[in-house]
Every structure is written in C-alpha cells, then in structure tokens.
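Here the structure comes first, spelled out in structure tokens, and everything after it is commentary.
The values are calculated or read from the model by the stated rules, or taken from the named source; none is laboratory data. Just so we're clear, the structure is a prediction, and the values are computed from it rather than from any experiment. We work out accessible area using only protein heavy atoms, side chains counted, and drop any ligands, DNA or RNA first. Shrake-Rupley method; radii C 1.70, N 1.55, O 1.52, S 1.80 Å.
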Amino acid sequence: IQPDVWMLGTNSKSAGFASEYGTGYVFGQFMSERDGAEVLQTYRESFHPSSLQDRPRAMVAIGVICAETETEAQQLLRSAKLPGPERSGQEVQVAEPQRRLVHGTPEQVKTELLKLADHCGSSEFLVFTPVQDYGRRLASYRLLADACLK
C-alpha cells in the first residue's frame, strides 16, 4: 500500500504546488493570515490528477483548545504557544483571530469547527493543541473527540 502524500502550506503558492503535483493539501490555518477558503479553492480548481491522487483532497490544520468550561479554555489559551515562523517562542495573545486557534467548551469548539468546515469546504482537520501541560492537552483531545462523536 502506497502512503498518501500531503503538502502542508499557508498560501496559494503552496496550494499550486500541491495541485500541480497531484498531492493532498493541508492548509495551515494556525500559521497563516490567509483565508483558508480562498487558498483551498485555488487548490481544487487547479488540481491535476496524478499517480498519487485522482482527485483533490484537502484538510485544514488548526489549533484547538477544548476545556470543560470557557474560563478554563481562556486560562489555557493565555499560556498556550502557537507554532509558526512569526510566533516561534511567543505566547498566543487572547485576541488571536478565531480562524487561527479555536477554543472553548466541547460544544463551542465543535460549532466553530463545523463553521470552518463549511467555510473552507473541507470536513477533515489536522488538529493540534498548543497546551504545555500534557494532562490538560490530552484532556482537550478527549473532550474534542467526545464532542465530535455525538
């Protein structure tokens, strides 16, 4: 079995490469100022089938902090670290645009992810949680999984 080949990118240029070479494309929303819907549309419209994939496949990579309460999610957000060239080693600011990091209770996060899926035309996400404490990070993933399975 041949593994799926995906390209991670943050703009139309990387989307163009993925479409030209016929790979899957992961839009890195967490590290981009660009609108994911626009970039993914560029990818889909210019996709060339290849031996790797016969149709475009896209997903969105986004940071998620899921907690039992909004207050806890806000506390975790204040201490989170968001990867990316312009943020390396810096704390995330609470005013960070929602499109770059989704946070809240399980239902709030699920609602925001569904909105993002609709906006970008993609039902697949690559999710990471930029929480330093391993136990709280694991709890975030569990809460998200439980909410999405409902």
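In straight Cα distance, which lysines are under 23 Å from K81, not counting same-chain residues fewer than 8 positions off?
K110
Mind pulling the angle between the C-alpha long axis of helix 36-46 and the longest principal axis of the chain? Nearest 10 degrees, somewhere in 0 to 90.
It works out to around 20 degrees.
Determine the calculated [θ] at 222 nm for the chain from helices alone, applying -39500 (n - 2.57) to every DSSP H run no shorter than 4 residues and normalising by the residue count; nearest 500 deg cm²/dmol.
Roughly -13000 deg cm²/dmol at 222 nm, from the helical runs in the chain.
How far is helix 106-120 tilted off the main Cα axis of the chain, in degrees rounded to 10, range 0 to 90?
Here the helix axis deviates by roughly 20 degrees.
Any idea what angle helix 134-149 forms with the longest principal axis of the chain, computed on alpha-carbon atoms, 0 to 90 degrees, nearest 10?
60 degrees
How big is the antiparallel share of DSSP beta bridges in the chain, given as a percent to the nearest 5?
Once the DSSP bridges in the chain are tallied, antiparallel ones form about 5 percent.
Could you tell me what percent of the accessible area of the chain is made up of carbon and sulfur, with a 1.4 Å probe and every protein chain present?
53 percent
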